[in-house]
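> Dropping a structure here in structure tokens format, bear with me for questions.
The values are calculated or read from the model by the stated rules, or taken from the named source; none is laboratory data. No experiment lies behind these values; they were computed from the predicted model shown. Ideal geometry is used to build each Cβ from the backbone, glycine not excepted, and the neighbour counts take in all protein chains shown. Only protein heavy atoms, including side chains, enter the accessible area calculation; ligands, DNA and RNA are left aside. Shrake-Rupley method; radii C 1.70, N 1.55, O 1.52, S 1.80 Å.
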Amino acid sequence: MAHPEVDRAPGEEAADRPRSRSRWVPAALAPVPGEGRRRRGERWVPAVALALIAAQLVWHGVLLGRGYFFLDDLTLTGRAAWQGFGWEFLTQIYGAHLMPVPMAIVGIVTAVHPYGWGLAAASLLLLQLGASLAVLRMLGVLFGGRAAILLPLSFYLITPMAFTASWWWAAGLQALPLQIAIAMALSSHVLYLRDGRFSHVLAAAGWTLLGLLSFQLKATVAIPLLLLLVTVLYFPERPRSRVLTRHARAWGVYAGLIAVYSVYVLTKLDELQQSAGLPTPAQGMAFVTRFFGVTMPTSIIGGPGRWTDELSDPPVAVIALAWAVIVAVVVVTLLWRRGAWRAWTILFLTPAVLMVPVFLGRGQFFFSAQDTRYLADSALVATLALALATLPLLGEKRPYRRRVPRGRSVRVAGGVVVCAFLAFSVVSVEGYVAGQEDHRARTERYLESVRATLASAPETTDIYPRPLPDDLLWLSFGEENLSSHLLSPLAPPGLAALMRHPRPTTNPLVLDDQGRLVPAEVRGGYAVPASGECFPRVGGLVTVPLRHRGGTATLSLSYVRAEETAAYVRLGRLGQLGQLGQEEIEVAFARGAGRVFLPVSAATPSIQIEILSPDADLCVTLATLGGVVPA
């Protein structure tokens, strides 16, 4: 018995006849058979869509001109310069991510122009162009070239949900390729559902691979979940269990690809630098309530309108308005649009699943629930849900329960709503950029000062490593916070190599908080002789009772009554042979009194100085071990 038409899912009728096999964006918007007369007046839609995307790129380009490198951007650039472009660099774990695509872009930009913001910003704009075109293709494949798709497209192009990640280089290099992958994989999968061509499955798998190579934690769940939901809800079978069996080959390809990649990721868990910290029940409830109750809904309507630093901090009135708007839109679409509940199921379920990795890793930190960059992929899902809840799919019959209101008053009201969303989004984005602009400018002034300083310094200058100023890099990345990692890319090749592997010297310099070279001083622990003027010496061996736990540090040795001689400074723990030898550095001592500095890293219970000329006089009076600071 045939099912009544009113009960059929919105995609079933479309699945029974061939569709446009679009290869590029305007083709995706081409009229389909049987709709030519109705669409003849809408041939301008591709041009307008592309004009909107061009306007978005201009807007983003202006805003990126006020941006600069931030936090992880510095660490990734330093790592690219330190390790060089290669397989090991591309496939290393960064934090909890295996992300060869972002690492490749970082490596290329760093090789061409280290800390060149123009090139980095251009890479973000190119990725944003790809993401916007991918969303346009997704809308064209699902709904055709009707003018109404310009509304959800405009939502995606302007929403603050997607902006904050695309203004931060490291975040955008992950988020934007993932958005491209989601939109294009869904487009290819829908084409497969319509005409059954297996080539579309392979294309969807290719786009899924792009997502895995860019942001594997989210792509692993986001792409297959969205493909499954769209298939089950909009292209169902009778019975519904046939969705899995009829398309078993497609699901097998997707699952196999994700499984193989996941196994590869598991082989690299020993490189993991960020462990998941499960929140307490109270922390988890506070995180979920804030993120899904405040941050996400206010961002959907163009908010938050107010920021605290880079975190969403909307007023109570905006929170109330957001929920009122969302409830109203959901109710209206449920009343007018058949099957609108399917769209809202996608919107409410997909972001919840997407946030699981964030919840596991950062659920302990309430401020992470205020960070809108975690909404970047949800912006695409919201765009899709908004379109599905309001527009008919290609070929769908009787999509609405009742006649859609028309007339001038409806158009005016719609225009007011669109303009209000546009204005609120622009205000929110401008507030975000303005709040971050001073910090980005401070970073730019510092790095450009360092660039100029190192360009004029002799290549034999001894520059010792110290952490970057706290106001530039306040997160701890261990030794990757040091200038030897982060600032050496700005130096000429010879000086860069010396910065990464400094040598013993009597005249160490450091880069101060303004990026200038100044004399260095060691600040940390120290040791003086227990009795007498000099540390005890047995033959040619001087022992200094100064402990080091390991890691990059600088040792300063003060001495008097020295003859010109050389010595080995040894650090390390006693081995089976009872010898120290993990680290051995040859140091020259000038005649008379003086002070010598040398870089050390090995953990050691004490320091031994072996004088190469046992008869030479050398009296070591003070040893200081720690980090270098401007004198």
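> State, to one decimal in nm, how far the label point of Trp474 lies from the label point of Val332, with both points 7 Å from Cα in the Cβ direction.
4.2 nm
> Given charges of +1 on the Cβ of Lys and Arg and -1 on the Cβ of Asp and Glu, with all other atoms neutral, how large is the dipole of the stretch 487-609 about its Cα centre, in debye to the nearest 20?
180 debye
> If you bin the C-alpha pair distances of the stretch 238-307 every 10 Å from 0, what whole percents do you get?
The percentages, shortest bin first, are 15, 19, 20, 38, 9.
> Next question. Give the relative contact order (percent, whole number) for the chain; include only Cα pairs under 8 Å separated by 6+ residues.
Taking the mean separation of contacting Cα pairs over the length of the chain, I get 15 percent.
> Limiting things to C-alpha atoms, what are the Rg and the maximum Cα-Cα separation (Dmax) for the stretch 437-528, in angstroms?
Here Rg and the maximum Cα pair distance are 13.4, 48 Å.
> Among the trypsin sites (Lys or Arg not before Pro) within the stretch 335-407, which fall in a DSSP loop and have no more than 15 other Cβ atoms within 10 Å of their own Cβ?
Loop-located and lightly packed - Lys397, Arg401, Arg402, Arg403, Arg406.
> Right, another one. Kirkwood hydrodynamic radius of the stretch 155-314 from all distinct Cα pairs, in Å?
The answer is 18.1 Å.
> Once the Cβ-Cβ distance between Glu584 and Glu448 is put in as r, and R0 is 51 Å, what FRET efficiency do you end up with, to the nearest 0.05?
Using R0 = 51 Å, I get an efficiency of 0.85.
> In the set (1) -0.43, -0.80, -1.21; (2) -0.66, -0.94, -1.21; (3) -0.62, -0.96, -1.19, which value of log10 I(q)/I(0) by the Debye sum over Cα atoms at q = 0.06, 0.09, 0.12 Å⁻¹ was calculated from the structure you see?
From the options (1) -0.43, -0.80, -1.21; (2) -0.66, -0.94, -1.21; (3) -0.62, -0.96, -1.19, the structure gives (1).
> Let me ask something else. Please give the direction-averaged projected area of the C-alpha convex hull for the stretch 117-184, in square nanometres with one decimal.
4.4 nm²
> Using a 10 Å cut-off on Cβ atoms, rank the peptides 138-148, 88-98 from the highest mean neighbour count down.
Going by the mean number of other Cβ atoms within 10 Å, highest first, we get 138-148, 88-98.
> Report Rg/Rh for the stretch 302-430, rounded to two decimals, where Rg is the Cα radius of gyration and Rh the Kirkwood radius.
Computed over Cα atoms, the ratio is 1.01.
> So, one more: Tell me, what does the Kirkwood hydrodynamic radius of the stretch 342-389 come to in angstroms if you use every pair of distinct C-alpha atoms?
11.3 Å
> Using only helices, what value at 222 nm comes out for the chain when you add -39,500 (n - 2.57) per DSSP H run of length 4 or more and divide by the total residues, to the nearest 500 deg cm²/dmol?
Helix contribution divided over all residues of the chain: -16500 deg cm²/dmol.
> If you place +1 on the Cβ of every Lys and Arg, -1 on the Cβ of every Asp and Glu, and leave all else neutral, what size is the dipole of the stretch 312-426 about its Cα centre, to the nearest 20 Debye?
Charge dipole, the stretch 312-426, about its Cα centre: 920 debye, nearest 20.
> Divide, for the stretch 226-347, the radius of gyration over alpha carbons by 2.2 N^0.38 Å, where N is the residue count.
1.49
> Given H placed 1.01 Å from N in the peptide plane, which residues other than close sequence neighbours of Tyr400 have an amide H under 5 Å from its amide H?
For Tyr400, the qualifying residues are Arg338.
> Let me ask something else. Putting +1 on Lys and Arg Cβ atoms and -1 on Asp and Glu Cβ atoms, find which of Ser368, Ser299, Pro314 reaches farthest to the positive end of the dipole of the stretch 239-391.
Value: Ser299.
> In nm, what is the difference between 0.36 nm times the number of residues separating Asp438 and Thr460 and their Cα-Cα distance?
4.4 nm
> Could you let me know the centre-to-centre spacing of the stretch 87-155 and the stretch 442-504, using Cα atoms, in angstrom?
First find each Cα centre; the distance between them is then 29 Å.
> Starting at the first residue of the stretch 316-327, write each ³J(HN,Hα) from the Karplus equation 6.51 cos²θ - 1.76 cosθ + 1.60 with θ = phi - 60°, in whole Hz, x for Gly and Pro.
Running phi through 6.51 cos²θ - 1.76 cosθ + 1.60 with θ = phi - 60° gives 4, 4, 5, 4, 5, 4, 4, 5, 5, 5, 5, 4 Hz.
> Between Val353 and Ala566, what FRET efficiency follows from the Cβ-Cβ distance if R0 is 60 Å, with the result rounded to 0.05?
It comes out at approximately 0.40.
> Given C-alpha coordinates of the stretch 393-462, what is the ratio Rg to Rh with the Kirkwood estimate of Rh?
Radius of gyration over Kirkwood radius for the stretch 393-462 works out to 1.50.
> Now for a different question. Listed highest first by mean packing, meaning other Cβ atoms within 10 Å per residue, what order do 467-480, 257-270, 180-193 come in?
By packing density, highest mean first, the sequence is 180-193, 467-480, 257-270.
> Next up: Could you run the Karplus curve 6.51 cos²θ - 1.76 cosθ + 1.60 with θ = phi - 60° over the stretch 353-365 and give me ³J(HN,Hα) per residue in whole Hz, x for Gly and Pro?
These are the phi-based 3J(HN,Hα) values: 5, 4, 7, 4, x, 5, 4, 5, x, 10, x, 6, 10 Hz.
> Could you give me the radius of gyration and the Dmax of the stretch 141-218, taking only the C-alpha atoms into account and expressing both in angstrom?
Just the Cα atoms of the stretch 141-218 yield Rg and Dmax of 14.3, 40 Å.
> Taking a probe of 1.4 angstrom, what is the accessible area of Thr159 in Å², to the nearest 10?
Taking all protein chains as shown, Thr159 has close to 0 Å².
> Next up: Along the Cα→Cβ direction, 7 angstrom out, place labels at Val58 and Ala320. What is the inter-label distance in nm?
3.9 nm
> Next question. Label Thr91 and Ser409 with points 7 Å out from Cα along Cα→Cβ: what is the distance between them in nm?
Label at Thr91, label at Ser409, 6.6 nm between them.
> Please report the equivalent ellipsoid semi-axes of the stretch 376-524, computed as sqrt(5 x eigenvalue) of the Cα gyration tensor, largest first, in whole Å.
Each semi-axis is √(5λ); the values are 58, 17, 13 Å.
> Relative to 2.2 N^0.38 Å, what does the C-alpha radius of gyration of the stretch 90-209 come to as a ratio? Two decimals please.
Cα-based Rg divided by the globular estimate yields 1.19.
> With every protein chain kept in place and ligands, DNA and RNA left out, what is the accessible area per residue of the chain? Probe 1.4 Å, answer in Å².
Dividing the accessible area of the chain by its residue count gives 43 Å².
> Could I get the Rg over Rh figure for the stretch 85-142? Both from C-alpha atoms, Rh via Kirkwood, rounded to two places.
Checking Rg against Rh, the ratio lands at 1.10.
> Related question: So, with +1 on the Cβ of K and R and -1 on the Cβ of D and E, and no other charges, what is the size of the charge dipole of the stretch 103-259 about its Cα centre, to the nearest 20 debye?
Using Cβ point charges on Lys, Arg, Asp and Glu, the stretch 103-259 gives about 560 debye.
> Could you go through the stretch 152-165 in sequence order and give the Karplus-derived ³J(HN,Hα) for each residue, using 6.51 cos²θ - 1.76 cosθ + 1.60 with θ = phi - 60°, rounded to whole Hz, and x for Gly and Pro?
Calculated HN-Hα couplings, in order: x, 4, 5, 4, 4, 5, 10, 4, x, 4, 8, 6, 4, 6 Hz.
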